[in-house]
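Structure first, then comments.
Just so it is clear, none of the values below were taken in a lab; they were calculated from the coordinates. Every value quoted in this text rests on a predicted model; they were computed, and no experiment measured them. Neighbour counts are summed over all protein chains in view; Cβ atoms, including those assigned to glycine, are modelled from backbone coordinates with ideal geometry.
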Amino acid sequence: MTDFKRRYLGFLIPPLVKLSKAYYATAKLFVHHLFRSVFEDPIVAWKPDVVHAHDGMSLPLGVYAARRSGARMVFDSHELEAHRNPPLSPRQRRSVEKIEQKYLPQADAVTTVGQKIADHLVAQYGIERPRVIYNAPPMTPRPLPAKWQQPARASLRAEAGIPDDAIALVYTGNITMNRGVEQTLEGMAEYLKRDDAVRNIRLSMVGKTRPETFYAVTELAAKLGLQDHIHFHDPVSPTAVVDFISEGNIAVIPVIPVALSYDYAMPNKLFESMLAGLPILGARLAEMAPFVGQHKLGVCYDPVSSQSFAQALAELLSTGKAPRLTEAHKQDLAERFSWEAQEAVLRDVYANLGAGPGPLRVAMVVPNPCNPDYRVVKQAETLVAAGHQVCIFCTRPVGSDLPQEEVINDVEYRRLDWSVRTAANGIFKFYARQIFRKRLRTKPV
């Protein structure tokens, strides 16, 4: 390379790099449109009778794909998109609310994960009340492919070496900071200061953790004198959680309501713990606390108060041992809140879509690789069991070795290569095709 070219390119490269970064940063602001540009044409080409969109990023896509296909559109709101954690900036929140205000009323049916979220969506957008489908596990085992199964495991107590006479508190879910783990440790330390405390008490944490989190949690435990009271367990298969935690004594659900979506949460672990028969020591959240009280599931506490945690734990252990749910109580709850009960709601939603008689072609779409997204998987398999044909359109991250197409339990999975960068580079072609199609439709004969 000549000195002239080197100087010339050296002059151009920095502003080009800045321009490229600005372009992709701007593109992220229109991620809903980017997602649509990648997924809409393949979904329409599949000729669905129903487009079933999961999560907020799929909402505009679901509306447009259904419109082009002459299909019905179902939207499943997994949480309050405008009030999720980490909290959105005021500008981001307004943008999400603007999108939901435009597209939610166009859905033929909306479902969600809890009553409070359903109430909020009605009040915010004036839509018909969404049907609630809880994130509950099934009563009967469901087959999972080998790649989604964890290796054979010992029981929870055997795995951690917890003696039978110890009280085992069980936390399930991702083990991260700011998810209530710190408050649980502080609450345990506060409880152990009590004269009437049960001394042999342990905390088993079941879920994914990163090295930095592991060290932060163990360091805090050591600082509180709890280093011999905590145990880490690798995640278990979603269908095996109930059995694995059933050896515990108390389920701890320490959700911190840092966002409205968290305050309204009805988490998986609530239903998993309930069906395992464990009494619940839960954060006092807007919907979960009344649910725990109404169904006599345990005790709730102020999620940011270690004294409140300690008092609630003392109440559960007032006789020295937390009372488990009776078999009759557990069976009654299972019949009302297990996945089998939620399936009935989903089937009823589809029965009232007016999508025509007979089996339907259902295109589900979710903005993750579905490897697995168990809520989506359960819904898809429920619809297949009802006689419908289901294809889940999901993402395939850059560099992923996930198959682009596979069939699991009679559900078809199609993963489309997805990143903001690649979508941004192709979005103009997508909208050029839209304009061309629109002109063909309006061209006089």
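Rounded if a/c is under 1.5, else prolate if a/b beats b/c, else oblate: with a ≥ b ≥ c from the C-alpha gyration tensor eigenvalues square-rooted, which is segment 146-336?
Note, shape of segment 146-336 comes out rounded.
Full extension from Val407 to Val31: what is 0.36 nm times the residue separation minus their Cα-Cα distance, to one decimal in nm?
132.5 nm
Starting from the Cα-Cα distance between Gln92 and Thr218, subtract it from 0.36 nm times their residue separation and give me the gain in nm to one decimal.
Between Gln92 and Thr218, full extension yields 41.8 nm more.
Which order do the peptides 70-81, 182-193, 354-365 take when ranked by the mean count of other beta-carbon atoms within 10 Å per residue, highest first?
Highest to lowest by the protection proxy: 70-81, 182-193, 354-365.
At a 4.7 angstrom Cβ threshold, list every cysteine in the chain that has nobody to pair with, or say none.
Result for the chain is Cys300, Cys391, no neighbouring Cys Cβ within the cutoff.
For the residues Thr382, Thr176, what sequence is obtained by ranking on other C-beta atoms within 10 Å, fewest first?
Thr176, Thr382
Order of 82-88, 285-291, 309-315 by packing, highest average Cβ count within 10 Å first?
Per-residue Cβ counts within 10 Å, averaged per peptide and sorted highest first, yield 309-315, 285-291, 82-88.
In what sequence, highest mean first, do 248-256, 320-328, 230-238 appear when ranked by Cβ atoms within 10 angstrom?
Per-residue Cβ counts within 10 Å, averaged per peptide and sorted highest first, yield 248-256, 230-238, 320-328.
Of the options Pro105, Leu121, Leu80, report the single residue whose Cα projects farthest towards the positive end of the charge dipole of segment 80-167 (beta-carbon charges: Lys, Arg +1; Asp, Glu -1).
Pro105
Multiplying the sequence separation of Glu128 and Trp148 by 0.36 nm and subtracting their Cα-Cα distance, what value in nm do you get?
Going from the current span to full extension adds 3.5 nm.
According to a simple spin-label model (label point 7 Å from Cα along Cα-to-Cβ), what is the distance in nm between Arg67 and Asn352?
2.5 nm
Sequence gap of 8 or more, or different chains, plus Cα separation below 25 Å: how many lysine pairs satisfy both in segment 146-336?
Step by step, the pairs that qualify in segment 146-336 add up to 12.
At most 16 other Cβ atoms within 10 Å and a DSSP loop assignment: could you name the trypsin sites (Lys or Arg not before Pro) in segment 204-286 that fit?
Sparse-neighbourhood loop trypsin sites (Lys or Arg not before Pro): Lys208.
Tell me, what HN-Hα J-couplings in whole Hz come from the Karplus equation 6.51 cos²θ - 1.76 cosθ + 1.60 at θ = phi - 60° for each residue of segment 268-278, using x for Gly and Pro?
3, 4, 4, 6, 4, 5, 4, 6, 7, x, 8
Could you give me the ³J(HN,Hα) list for segment 343-351, computed from phi with Karplus coefficients 6.51, -1.76, 1.60 and θ = phi - 60°, whole Hz, x at Gly and Pro?
4, 4, 5, 4, 4, 5, 4, 5, 5
Just checking my list (1) 155; (2) 171; (3) 199 against volume of the Cα convex hull per residue in Å³ computed from this structure; which label fits?
Structure-derived value, by its label: (3).
For a label point 7 Å from the Cα of Ser237 along Cα→C-beta, name the residues of segment 105-136 whose backbone N is under 19 Å from it.
In segment 105-136, the label zone of Ser237 (backbone N under 19 Å from the point 7 Å along Cα→Cβ) covers 136.
For segment 328-392 and segment 170-210, what is the separation of their Cα centres, given in Å?
Comparing the Cα centres of segment 328-392 and segment 170-210, I get a distance of 35 Å.
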